[in-house]
Amino acid sequence: MKTMIASIIAAMGLMMAGVSIAADMPDVAKKNNCTSCHAIDKKVVGPGWQDVADKYKGDAGAAEKLGTVIVKGGRGVWGPMPMPATSKITDAEVSEIVAFILGLAK
Ligand code: HEC
């Protein structure tokens with residue numbers, strides 16, 4: 001029981017660290033290859049996700065808009081490079097990534 005409580009506390013600590021520091025890409029982004037074109041704090045091929053979060057801050061439709069871009073691809077928002085559609089991504093994974101990105105907004 002004691003170990004279980006300890007691991008719950010540890011997990012909560014990790015979650016809070018993810019919100020406030022967010023230094024690393026989530027596994028779901030690595031798994032779907034987002035990391036080959038995106039980083040959090042800088043532009044790679046696509047925009048840094050911190051910049052994406054700041055751009056859509058306060059936009060009530062942002063989650064839906066970004067979810068569509070992630071699934072179908074997008075172009076013309078950040079520069080001449082288009083973002084490709086993502087194959088084989090589940091709705092749950094899309095929601096998880098969108099929540100992560102929008103959660104970066106300061
Ligand atoms: C081949 C490179 C590449 C991959 C792989 C890629 N992206 Fe992108 N992404 C881009 C580019 C380039 C843009 C800028 C498109 C534009 O200007 O509209 C972009 C834009 C975005 C945006 C901002 C969209 C907007 O309209 O403002 C989000 C969010 C995003 N990508 C998330 C993801 C996620 C999540 C994944 C993985 C599932 C992913 N990207 C994989 C290249 C990529």
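Close amide-amide hydrogen proximity is noted between GLY74 and MET83, each under 5 Å apart and 5 or more residues distant or on a separate chain (H modeled in the peptide plane; Pro and chain starts excluded). Between the beta carbons of THR68 and LYS42, assuming R0 = 35 Å, the FRET efficiency works out to 0.90 to the nearest 0.05. Projected label points at ASP54 and LYS31, each 7 Å from Cα along the beta carbon direction, are separated by 3.0 nanometres. In summary, the lysines within cross-link reach of LYS72, defined as a Cα separation below 29 angstrom excluding same-chain residues under 8 places away, comprise LYS30, LYS31, LYS42, LYS43, LYS55, LYS57, LYS88, LYS106. Calculate I(q)/I(0) for the range 23-102 by the Debye formula, one identical point scatterer on each C-alpha and no solvent, and give its log10 at q = 0.13, 0.14 Å⁻¹ to two decimals. Each listed q maps to, in turn, -0.34, -0.40.
Rule-based calculations on the coordinates, nothing more; no lab input. Here the structure is a predicted model, which is why all the values come from computation and not from measurement. All Cβ positions, even for glycine, are placed from backbone atoms using ideal geometry, and neighbour counts span all protein chains on display.
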